[in-house]
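The values are calculated or read from the model by the stated rules, or taken from the named source; none is laboratory data. Here the structure is a predicted model, which means the values were calculated and not measured. With ideal geometry, Cβ positions are generated from the backbone for all residues, glycine too; neighbour counts draw on all protein chains shown.
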Amino acid sequence: MKPQIMSLVMATLTVASFACFSGDDKTPDQKRAEISEMQDKTLTRLYQEEPDAKAEIAKAVGYAVFENTGMHILLISGGFGKGIAHDNESGKDTYMKMYTAGAGPGLGIKDYRVVFVFHTREKFDSFINAGWSAEGQADAAATTSETGGEASGAVAIPDGVSVYQLTEKGLALQLTIQGVKYSRNDELN
């Protein structure tokens with residue numbers, strides 16, 4: 001195995017171990033404040049990169065903003081994230097969590113933000129109350145700079161939801177078939 005690849009494997013395993021075994025001693029109020037700050041920063045960046053998104057979100061029933069970290073080690077991938085869903089009509093926020101799992105060749109860590117824009121009440125309420133599962137997500141990304149590659153732009157999903165993805169930083173070389181599960185975070189609601 002080449003030294004660069006071996007170094008990347010070791011770094012990935014170290015980060016994965018730290019993420020899995022590090023304790024979280026923050027209070028629920030601190031966690032909510034952290035998620036709200038992430039939401040504000042993500043929306044500010046989205047509006048700078050995609051100015052039309054601001055009007056789209058303002059007209060939508062609601063939206064959700066997630067911070068995600070995914071790891072891919074050889075044939076197994078997984079990830080976790082946290083976020084907040086905002087109902088534009090009631091002004092209510094719902095704190096959410098997400099998990100991913102997948103299989104396929106790859107190696108690396110990917111840190112990114114996702115903004116869902118819900119155009120129908122049915123889709124927003126379903127997302128909040130029943131969660132959301134998605135399968136068959138293929139992913140291929142590669143970045144090597146300190147800030148990572150940046151990708152943005154809305155992807156319209158036929159059922160009344162638009163999705164924006166903003167890559168933060170990381171290195172990922174992967175081709176995976178992944179399952180994603182979004183659900184309420186009962187600890188924070």
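Just to verify a result, which residue in region 81-135, among those that are assigned to a loop (DSSP other than H, G, I, E, B) and without any contact (Cβ under 8 Å) to a residue 24 or more places away in the chain, is farthest from residue 28 (Cα to Cα)?
Looking at the filtered set, the residue picked out is 90.
Which pairs have Cβ atoms under 6 Å, sit 6 or more apart or on different chains, and link a residue in region 37-59 that is farther than 16 Å from residue 91 by Cβ to one that is of a type in the set (Asp, Glu)?
38/67
Tell me the residue from 59, 92, 26 that is among the charged types (D, E, K, R), modelled with pLDDT of 95 or more and within 20 Å of residue 187 (Cβ to Cβ), please.
Checking each option against the conditions leaves just 92.
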